[in-house]
Amino acid sequence: MEITMIIVVALAVLVGLSLGLLGGGGSILVVPLLTYVGGLDPKEAIATSLFVVGATSLASLVGHARKGRVRWRTGLIFGAAGMVGAFLGGLAGGRIPGTFLMIAFAVMMIATAGAMIRGRKDRDGESQTHQHPLWRILLDGLVVGAATGLVGAGGGFLVVPALVLLAGLPMAAAVGTSLLVISMKSFAGLGGYLTSVSLDWPLVAAVTAAAILGSLVGVRLTSVVPEKALRKGFGYFVLLMGAFVLSQELPFPAAPIILGTVAVLATAAAICMLGFKERCPLRPTTPVAVSMA
């Protein structure tokens, strides 16, 4: 068991490293790491991941706050709604079968991978033409928080676009503010899970410390590693991990179909990424005119 814990902690450093380099996305690997490597029950793994994500987000928040990239009022409003949703999601998650939670988590992984591969448009220099009403921001915060509390994922890739599109924040401020929101709703979701799940706190502390250490190192490497290429490569890795989780949780006939489909799509996307546009199977085709004569 000690060897397993050492492996989990070592891999948690890599998760934190990806968080520091990418500004998000790495935390979605905590649940499969704790479930399939650490041998934790899915509910315990999700609850542990909520603590790890919340603590790591708080550690990263300090640096962004010092650079003035945190909009406290907007973050607290969105985060408060997210906390309510996350707590309710945590309450529900503690009473839902583990297999269903892992399937939902795998779907979240695939959605995250798509967002990372697609990338996001930098709007630092743009101002939004309008902001959505307060009730819409609160409603979206509630929904995003519920997703986080239920499956222990859905951090920056959901929060950042919401802050840009709904609150009208520029991208840099949205990234910094999202860390405040993520930490708030992660701890709220943890509170919901703790009503029905108990944690191995020494393991929680070790994994959290390793993730924070990795994130600090990752931040220092951001000027060395090309962010765009790394984000897309990591996105494909998360996509494959999501397919793997689905193959573990679904019945036999579905597993090879899922893995095969994901492998084909990933290969096709890689061909397009490498610049072989004439061979890209995903490129749009020119519609053929049909004569009605």
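The values are calculated or read from the model by the stated rules, or taken from the named source; none is laboratory data. Model, not experiment: these values are computed from the prediction. All Cβ positions, even for glycine, are placed from backbone atoms using ideal geometry, and neighbour counts span all protein chains on display.
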- Query: Can Val197 be described as at pLDDT 80 or above, under 18 Å from Ile46 (Cα atoms), aliphatic (A, V, I, L, M) and buried (at least 24 other Cβ atoms within 10 Å of the Cβ)?
  - Reply: no
- Query: Within region 93-103, is even one residue under 16 Å from the mean Cα position of the chain (by Cα) and modelled with pLDDT of 85 or more?
  - Reply: no
- Restricting region 118-145 to residues that are within 14 Å of the chain's Cα centre (by Cα) and modelled with pLDDT of 75 or more, which is surrounded by the most Cβ atoms within 10 Å (Cβ to Cβ)? Gly145
- Contact list, first residue from region 240-252 and buried (at least 16 other Cβ atoms within 10 Å of the Cβ), second anywhere and outside any helix (DSSP H, G or I) and not β-branched (Val, Ile, Thr), beta-carbon distance below 8 Å, six or more apart or interchain, is none
